[in-house]
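The structure appears below as structure tokens.
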């Protein structure tokens with residue numbers, strides 16, 4: 001007789017157990033969102049304050065760098081302009097100076113220039129100066145019709161010009177008590193230091209710059225339709241001071257008719273101690 005264990009048949013499998021043996025289909029991958037998650041905002045007041053302070057400090061640093069860069073650009077431009085004036089500009093001396101087409105007195109006269117007119121020098125040939133005119137044209141002028149070079153004075157002029165800026169200028173009546181200009185229209189130029197200047201040389205630097213402005217102001221006045229009798233330089237720095245001169249004295253000084261010392265004595269300096277390291281003697285006048 002067979003044992004019951006050998007004759008027993010296996011029970012049928014359930015559908016669930018059969019299904020579990022078949023590998024299931026993998027779920028689809030999640031779809032990535034097209035929008036980036038918004039950054040988490042720090043709601044801590046202390047942290048927000050620190051971030052604001054850091055941003056402001058960075059902005060101030062950038063603005064400071066920009067100001068320094070602009071100052072360097074201005075100084076380089078002023079220096080380049082001054083060097084051009086020192087070495088490569090011809091300044092007309094006489095009234096109705098003829099500008100010729102060629103280096104020949106019999107050639108065509110292109111036009112007649114006025115005193116203080118400036119032209120770039122292209123070349124020098126014997127007693128003639130080859131000039132670059134407006135619109136790319138060129139012409140020739142006799143050397144005797146040009147102002148003599150003033151290399152030493154202009155070099156000092158150039159150095160002084162780099163120490164100050166002129167934020168504003170205007171033509172108005174002179175309201176001071178100086179009789180030479182009282183009630184007369186003058187060109188007022190307001191100046192302030194562009195860099196730190198030691199007190200020991202500040203007065204001299206201010207007057208050197210005033211002389212520079214006197215020269216430039218005289219040129220402007222001779223080409224202006226506005227009537228002017230003088231040039232006044234108002235210094236806005238800590239030392240302050242006002243320097244004034246008449247156009248007549250500036251012209252005589254530039255033409256060499258009066259010495260530098262005589263010119264200084266004919267100027268108005270107010271107060272004198274603002275120009276204390278200039279040898280002004282007792283002749284300098286106050287407003």
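Taking every C-alpha pair closer than 8 Å and separated by at least 6 residues, the mean separation divided by the residue count of the stretch 88-145 gives a relative contact order of 34 percent.
Find the relative contact order for the stretch 151-275 and round it to a whole percent, using C-alpha pairs within less than 8 Å whose residues are 6+ positions apart. Once divided by the residue count of the stretch 151-275, the mean separation gives 24 percent.
Here, each number is a calculation from the coordinates, and none is a lab measurement. This one's a predicted model, so the numbers in the text were calculated from it and none came from an experiment.
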